[in-house]
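Participant: Below you'll find the structure I mean.
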Amino acid sequence: MTERATVEIRPLSYTDLPAVAAIERRAFPTPWSIAMFVLELSKPTGMCVAALRDGELVGYTICSRYDTVWHVMNIAVDPDLRREGIASALLAELYAQAGDDTAQFTLEGAPLQPRRDRALQRDGVRIAGLRRAITRTTARTR
């Protein structure tokens, strides 16, 4: 079993974006663009958090508030450092920053990822349901 990482948690900044983009490209098949991160960082009501180990950015999360619910828009950890408690530390920081023990958070993710789902449940997350993806084709056939 991997030892839990000791990480420093701090606000994500614009200067972190090159490292964020590198992790994003390695972590996801359809990564966010730099412009998407800039937009989220510019929102005054959002929470954008970085995780660092030995001074190097190893994970991040972006969270936006919609009415009374916080929505985790993006959370990622360097793929080489997964399963070391970094995502749990990021989520714990979001919960603390919300400043309300009754705050509600949502997170969308690919369905049926048992390892991820077990980790979320260990951190107190209740999986409330699945939402089907809808694909729409705009190409016309003759």
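The values are calculated or read from the model by the stated rules, or taken from the named source; none is laboratory data. Because the structure is predicted, anything quoted here is derived from the model rather than measured. Every residue, glycine among them, receives a Cβ derived from its backbone with ideal geometry; neighbour counts consider all protein chains shown. Areas reflect the complete protein model, heavy atoms only, side chains present, ligands, DNA and RNA absent. Shrake-Rupley method; radii C 1.70, N 1.55, O 1.52, S 1.80 Å.
Participant: With the checklist (1) within 12 Å of residue 86 (Cβ to Cβ); (2) open to solvent by 20 Å² or more (accessible area, probe 1.4 Å) in hand, flag the one item residue 13 doesn't pass.
Facilitator: (1)
Participant: Can you tell me how many residues in the stretch 5-34 are outside any loop (DSSP other than H, G, I, E, B) and hydrophobic (A, V, I, L, M, F, W, C)? Reasoning before the result, please.
Facilitator: The first filter runs over the stretch 5-34 and keeps only residues outside any loop (DSSP other than H, G, I, E, B), leaving 8-11, 14-27, 34.
Adding the requirement that they be hydrophobic (A, V, I, L, M, F, W, C) leaves 9, 17, 19-23, 27, 34.
Residues in the stretch 5-34 being outside any loop (DSSP other than H, G, I, E, B) and hydrophobic (A, V, I, L, M, F, W, C): 9 in total.
Participant: Could you please tell me which pairs satisfy a Cβ distance under 8 Å, a separation of 6+ or placement on different chains, a first residue in the stretch 22-37 that is among the β-branched types (Val, Ile, Thr), and a second residue that is in a loop (DSSP other than H, G, I, E, B)?
Facilitator: Every condition considered, the pairs that remain are 23/78.
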